[in-house]
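Here the structure comes first, spelled out in structure tokens, and everything after it is commentary.
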Amino acid sequence: MCAHVFLIVCDGMGDRPIEELDGKTPVEFANTPWLDKLSEVGINGIMHTLGTPGIVPGSDTAHLALFGYDPHIYYSGRGAFEALGVGLEVKEGDVALRGNFATVDENLNVLDRRAGRYVPEGDQLAAVVNGLKLPEAPDVEVIAKHATQHRCAVILRGPGLSHKVTDTDPHETNAKVKIAKPLDDSEEAQKTANIINSLSGKSHELLKDHPLNKQRQERGDLPGNIIILRGAGQVPNVKSLTQLYGIKSAVISTNALYRGVALSIGMEHLPVSETKGDYIVLAKKALERFDNYDLFFIHVKDTDNASHDGNAEEKVKVIERIDEMISYLFPKVESKEAYICVTADHTTSVKAKNHVGDDVPVVIAGPEVRSDSVKSFSERACALGGLNRIRGIDIMPILMSYLEKTPMFGS
Ligand code: ZN
Ligand code: ZN
């Protein structure tokens with residue numbers, strides 16, 4: 001029988017001791033009998049996803065590392081992952097960016113970077129620039145697709161492009177839309193910057209008098225009268241997990257970025273509806289397709305959201321609901337050849353309301369794991385486990401070795 005792996009990443013789950021939680025971290029404070037059981041029967045450790053303790057990981061770079069790809073080599077920018085995640089095809093050579101429908105005044109001062117966040121007309125507004133060819137580069141096509149709320153993905157497709165360009169998004173209000181600049185001396189970067197600047201102006205020209213924006217203004221909403229762009233990136237040119245290990249893998253995530261990173265390294269997407277805090281639906285989806293895949297990557301975003309909101313109580317609740325998912329999943333696969341790995345992509349401090357450089361706990365439970373003396377799942381408890389301290393890029397080879405998919409070095 002072939003073994004299977006569930007890689008469950010709880011975004012930003014790691015934290016620091018919090019006073020209102022009696023000096024415990026949210027994972028320590030939460031009631032998590034099933035995560036603790038995994039730790040008891042499994043092997044535990046502490047992990048820095050980017051490999052350098054203290055460095056603050058982003059979600060995109062951290063996930064690339066968790067999938068076994070060194071982000072220092074393969075990461076260029078978030079845009080390509082977002083575009084893949086919203087269902088666009090991103091080809092080699094494409095440059096993809098994240099876009100916001102934003103509100104600017106006649107001097108291109110940004111009044112709201114998100115046009116009020118609620119932009120149900122996004123499909124039609126994105127259609128205005130989709131398929132566009134700009135006079136600066138008639139060989140390059142603009143592809144645009146609405147994502148969620150005020151967000152869209154924009155791809156530039158054509159010869160001679162580079163992701164080495166700066167954003168037009170000023171990342172603050174009451175600032176002017178920025179001019180994209182090349183980040184190196186290459187012709188490609190200059191060409192790409194020119195296209196982005198032309199697209200920025202053109203998007204304003206086409207959107208400012210758009211009938212749907214007139215309607216928005218009439219009902220008191222801010223118009224989405226420009227697309228501001230950030231995070232230019234290209235898909236990493238890498239071998240897929242299938243090519244590297246001969247496995248079939250699937251991503252289960254309700255968030256575009258994580259789907260995008262997973263798709264870029266060859267995972268297949270198994271769609272689920274919004275979880276509304278019930279993560280059992282994620283585990284159910286994986287179990288439905290249990291025989292079809294060797295590896296399931298399950299992603300839970302709400303731990304990170306609670307941390308960015310500075311809400312310790314909510315973070316504890318999210319962790320307890322993750323425990324409920326484990327209570328559903330673990331008994332169903334315990335007797336099968338299945339490994340469950342639970343970890344996080346980074347620490348998001350409730351107090352700092354942001355990502356910080358601290359390590360994250362990791363546990364792997366499964367039939368042939370050398371269990372250690374750790375009895376509960378938390379940052380401090382796992383640090384005493386048998387995996388010791390590992391890097392993000394170590395986890396995939398470790399998991400693949402349980403599946404006996406890692407090639408031997410030597411003979
Ligand atoms: Zn994250
Ligand atoms: Zn975050």
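The values are calculated or read from the model by the stated rules, or taken from the named source; none is laboratory data. Since the structure is predicted, the reported quantities are computational estimates derived from the model, not experimental observations. Cβ atoms come from the backbone with ideal geometry, glycine included; neighbour counts cover every protein chain shown. Heavy atoms of the whole protein, side chains included, go into the accessibility calculation; ligands, DNA and RNA do not. Shrake-Rupley method; radii C 1.70, N 1.55, O 1.52, S 1.80 Å.
Taking Cα atoms of the chain, Rg/Rh with Kirkwood Rh, to two decimals?
1.00
What length, rounded to one decimal in nm, is gained on full extension from Lys133 through to Lys248, with 0.36 nm per residue of separation minus their alpha-carbon distance?
Contour length minus the Cα-Cα distance gives 37.6 nm.
May I ask you to derive the FRET efficiency for His269 and Ala175 from their Cβ-Cβ distance with R0 = 41 Å, giving the value to the nearest 0.05?
Calculated value: 0.65.
The range 1-76: Rg/Rh from Cα coordinates, Kirkwood Rh?
With Rh from the inverse mean 1/r over Cα pairs, Rg/Rh is 1.03.
Give the accessible surface of the chain per residue, rounded to a whole number of Å², with probe radius 1.4 Å and ligands, DNA and RNA excluded.
42
Let me know the charge dipole size of the range 141-214 about its Cα centre in debye, to the nearest 20, where only the beta-carbon of Lys, Arg (+1) and Asp, Glu (-1) is charged.
Roughly 300 debye, rounded to the nearest 20.
For the range 16-131, just run the numbers: alpha carbon Rg, then divide by 2.2 N^0.38 Å, N being how many residues it has.
Relative to the rule-of-thumb radius for its length, the range 16-131 sits at 1.57.
Of all the Cα-Cα pairs you can form in the range 82-233, what percent are over 18 Å apart?
Tail of P(r) above 18 Å: 52 percent of Cα pairs.
Among 14-24, 225-235, 321-331, how do they line up from the highest to the lowest mean number of other beta-carbon atoms within 10 Å?
225-235, 321-331, 14-24
Compare the Cα positions of Ala352, Met267, Pro182 along the charge dipole of the chain (+1 at Cβ of Lys, Arg; -1 at Cβ of Asp, Glu; about the Cα centre) and return the one farthest towards the positive end.
Selected residue: Pro182.
Using unit Cβ charges (K, R positive; D, E negative) and no other charged atoms, how large, in debye to the nearest 20, is the dipole of the range 82-233 about its Cα centre?
360
Give me the percent relative contact order of the range 82-233, please, defined on Cα pairs under 8 angstrom at least 6 residues apart.
Rounded, it is 30 percent for the range 82-233.
Output wanted: per-residue J couplings in Hz (rounded whole) for the range 231-238, from phi through Karplus 6.51 cos²θ - 1.76 cosθ + 1.60, θ = phi - 60°, x for Gly and Pro.
Here the 3J(HN,Hα) series is x, 4, x, 10, 5, x, 8, 10 Hz.
Given a Förster radius of 51 Å and the C-beta distance between Lys351 and Lys208 as r, what FRET efficiency does 1/(1 + (r/R0)^6) yield to the nearest 0.05?
0.75
Given contacts defined as C-alpha pairs under 8 Å and at least six residues apart, what's the relative contact order of the chain, whole-number percent?
Worked out over the chain, it gives 33 percent.
Straight-line reach from Lys181: which lysines have Cα under 26 Å away, leaving out those fewer than 8 places along the same chain?
Lys91, Lys133, Lys145, Lys164, Lys191, Lys202, Lys208
Charges only on Cβ, +1 for Lys and Arg, -1 for Asp and Glu: so what's the dipole of the chain about the Cα centre, in debye to the nearest 20?
Charge dipole of the chain: 420 debye, to the nearest 20.
For Val281 and Glu324 in the same chain, what is the full-extension length gain: residue separation times 0.36 nm, less their Cα-Cα distance, in nm?
14.4 nm
Expressed in nm to one decimal, what extension gain is obtained for the pair Ala383 and Asn311 from 0.36 nm per residue of sequence separation less their Cα-Cα distance?
Full extension of this stretch gives 23.4 nm more.
Between Glu92 and Lys332, what FRET efficiency follows from the Cβ-Cβ distance if R0 is 41 Å, with the result rounded to 0.05?
In this case the efficiency is close to 0.55.
What is the Cα centroid distance between the range 343-411 and the range 19-68, reported in whole angstrom?
So the two Cα centres are separated by 8 Å.
Order these peptides, 355-366, 158-169, by their mean beta-carbon neighbour count within 10 angstrom, highest first.
Packing proxy ranking, top to bottom: 355-366, 158-169.
Quick check: Cα centre of the range 215-233 to Cα centre of the range 153-168, how many Å?
Taking the Cα centre of each part, the range 215-233 and the range 153-168 sit 20 Å apart.
When the accessible area of the chain is split by element with a 1.4 Å probe, what percent falls to carbon and sulfur?
47
Arrange the peptides 45-52, 373-380 so that the one whose residues have, on average, the most other Cβ atoms within 10 Å appears first.
45-52, 373-380
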